[in-house]
Every structure is written in structure tokens, then in C-alpha cells.
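Here, each number is a calculation from the coordinates, and none is a lab measurement. None of the values given here were measured: they were computed from a predicted structure. Every residue, glycine among them, receives a Cβ derived from its backbone with ideal geometry; neighbour counts consider all protein chains shown.
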Amino acid sequence: MTKKALITGITGQDGSYLSGFLLEKGYEVYGMVRRSSVERFERIEHIKDRVHLVQGDLTDQSSLDEAVKEIQPDEVYNLAAQSFVPTSWNQPTLTGEITGLGATRLLEALRKLKPDARFYQASSSEMFGKVREVPQTELTPFHPRSPYGVAKVYAHFITVNYRESYDMFACSGILFNHESPRRGLEFVTRKITHGVARIKLGLANEIRLGNLDAKRDWGYAGDYVEAMWLMLQQDRPDDYVIASGETHSVREFVEAAFSSAGLDWERFVVLDPKFVRPAEVDLLIGDPKKAREKLGWSPKVGFRDLVKMMVEEDIETLKNSISLNSIVNT
């Protein structure tokens with residue numbers, strides 16, 4: 001019998017990789033999208049005719065109830081969120097509504113209408129914030145340093161609460177930074193690789209960045225969605241840190257990106273105080289031992305290969321865009 005999966009946030013980076021992964025596994029995939037005057041399906045354009053898109057919103061309980069009632073999913077992956085940390089400072093209430101309470105509404109819909117569905121909550125390394133220990137494990141105390149991190153902590157613990165209170169199969173994946181060519185341009189990694197591509201092609205002459213000393217544990221999104229799926233295939237629900245186990249500074253990311261394009265980063269990077277967060281998370285590095293031992297999961301794409309992949313894809317995309325524009329304007 002074909003399994004049904006419901007993915008919130010299907011049009012995002014992780015949603016696009018996960019939907020492709022599940023289709024390859026033979027799933028019937030449903031993706032929840034918000035009604036919008038401007039539809040943005042670029043990341044799933046290559047599989048759009050193979051997935052079922054349903055309208056819904058994490059701020060609207062009735063739409064979630066209706067989706068669960070109609071689809072009767074076997075697995076639910078909650079990837080939707082207001083996920084851009086700087087925006088969470090300007091819109092803290094909205095971030096809490098979507099990222100925090102949204103998870104509660106979805107769990108409530110499942111509790112009432114499909115309690116045997118297996119649920120995955122996208123938790124985040126941003127929950128650790130001002131870290132209490134290095135590296136961070138599933139037992140490291142949380143100390144979030146942004147409204148986004150706080151909202152993710154709430155969503156994480158409400159998932160634990162529903163698991164323990166209602167015996168639901170509810171898991172959280174505490175994913176450390178995971179990037180790809182499909183990452184949004186507002187995120188620092190893609191801002192860097194896209195900026196490098198523009199400089200390489202003569203379209204720009206600088207990139208303005210904030211704190212280059214912040215350290216992150218970066219992996220490839222295509223690897224990390226497999227871990228999400230593996231969590232829901234286990235005999236018992238649990239929470240897992242998903243990470244590479246390595247840490248690199250933003251400066252190292254910058255150096256690797258410019259190096260892969262044959263450029264000297266110090267000629268083009270400008271430090272701009274406006275890109276420094278009010279409260280910075282300085283060092284994140286995860287310990288994926290539990291995921292490795294219990295899920296049999298480990299990342300396949302290394303740090304420098306990831307950066308190179310992103311830069312090359314951005315250069316190619318921009319080249320194609322330039323060629324297309326030249327054809328249109330002739």
C-alpha cells in the first residue's frame with residue numbers, strides 16, 4: 001500500500017529536497033502551501049506535476065484540520081516556519097505564531113483526526129544559542145538568542161509533550177545549518193555564493209557582511225532530509241541532533257567560496273555593522289553520534305564540496321539568466 005506524506009513548507013529548501021526524496025521512495029506526496037497572489041514554486045518546479053498541493057496555513061487551525069482529514073497522511077513533516085533569524089527580531093509575534101504555535105496546531109489536528117500518523121518537527125540548532133557545552137547533543141540545555149530560536153524551543157517541547165501525553169509518534173530533528181543551491185538569497189551562505197558568482201561575472205564588485213567570526217556546523221540539505229525520513233521509520237519516536245560534527249567560521253565559508261571561483265576574498269568583502277545581530281550565536285557544532293548509531297545516518301557531502309557546489313550552481317544560473325536576457329533584448 002502506498003504511503004502518504006504531508007509536508008508543510010514544501011516550497012522551501014528542505015521541502016523541495018524531501019519531496020523529491022520521498023517520491024523516489026514511492027510515496028504519494030502532499031505539500032501544504034499558503035494562498036498567495038504571487039506563487040513561488042521554483043524549487044519544486046521539476047516535480048510539481050508529481051505532488052499534490054493543498055492550501056493551508058499554520059496560523060489557521062481549520063485549514064490544518066481539513067488537510068489532515070482529507071489526506072489521512074501516514075507521515076507528516078512540519079518544515080514550514082518563519083525561518084529567517086533577522087526577520088524574527090522585526091516580527092517576533094508573527095514568528096511565534098507560525099514557528100511556535102503553528103506546530104501545536106498541526107499536532108492538534110493529528111491528535112483529533114489521525115493520531116497514528118508519524119510526525120516530524122523541524123527543530124533547530126538556533127535553540128542552543130548561547131551554548132552551554134561544546135559540542136551540542138540532544139541533552140544540551142537550550143539558551144536561544146533570537147525570537148526565532150525561542151519559537152523553535154517552544155515547538156520542540158510541545159512535540160515532546162504530545163509524544164508523552166498522547167502516545168503519539170512525534171519526533172524532532174535538531175538540525176544544524178544545512179545549505180544548498182536552493183537556499184534563499186537572504187541567508188548568509190547563499191548571499192556569499194551568489195555574491196561571488198556576481199563578482200566573477202562582472203556584475204558586482206563587493207559583498208557586505210556582518211560577523212565573520214561566527215562559527216557554524218554546515219552540511220548539505222540533500223543529506224539532511226534523509227535523516228528526517230529515517231527518524232519516522234524507527235520502532236520508537238525520539239529526538240536527534242543532525243549535524244556534520246565540524247565547525248567553520250563565516251570567514252572560512254567566504255574564503256572557500258571565493259577560492260572556488262579563483263578570487264581573493266579580501267579584495268571584495270566589506271564589513272557592515274548593520275548585518276550584525278542584536279544577540280549573536282557565536283559557536284554551534286553538533287554531535288551526531290546518536291543519529292549515526294541509531295539511524296545509521298552520516299553526511300555524504302563535505303564542507304568545501306558544499307561551498308563549491310553552491311558557487312558553481314550560482315555562476316551557471318547567472319550565466320543562463322544573462323544569456324536569456326540578451327536573447328529577449330535582441
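Counting helices only, and only those DSSP H runs with n ≥ 4, report the 222 nm mean residue ellipticity of the chain as the sum of -39,500 (n - 2.57) divided by its residues, in deg cm²/dmol to the nearest 500.
Dividing the helical sum by the residues of the chain leaves -12000 deg cm²/dmol.
Based only on other Cβ atoms within 10 Å, what is the fewest-to-most ordering of TYR166, TYR120, TYR220?
Ranked by crowding around the Cβ, least crowded first: TYR166, TYR220, TYR120.
Distance between the C-alpha centers of the stretch 29-102 and the stretch 200-254? Whole Å please.
22
Quote to one decimal, in nm, the extra length available between GLU316 and THR93 on full extension: 0.36 nm per residue of separation minus the C-alpha distance between them.
Once the chain is fully extended between GLU316 and THR93, it gains 76.4 nm.
So which lysines can LYS191 reach, going by Cα to Cα under 23 Å and dropping same-chain residues fewer than 8 places off?
LYS191 reaches LYS200, LYS215, LYS274, LYS308, LYS319.
Sorted from fewest to most neighbouring beta carbons within 10 Å, what does the list VAL301, VAL276, VAL270 look like?
Ranked by crowding around the Cβ, least crowded first: VAL270, VAL276, VAL301.
On a 0 to 90° scale, report how tilted helix 303-328 is relative to the longest principal axis of the chain, with both axes built from alpha carbons and the result rounded to the nearest 10.
70
How far is helix 61-71 tilted, in degrees, relative to the longest principal axis of the Cα atoms in the chain, given as a value from 0 to 90 rounded to the nearest 10?
80
Can you tell me the orientation of helix 221-231 relative to the chain, as the angle in degrees between its alpha-carbon axis and the longest Cα principal axis, to the nearest 10?
20
Leaving out same-chain residues fewer than 8 places away, which lysines sit with a Cα under 27 Å from that of LYS3?
Of all the lysines, those that pass the test against LYS3 - Cα under 27 Å, at least 8 places apart if same chain - are LYS25, LYS48, LYS69, LYS112, LYS114, LYS290, LYS294, LYS300.
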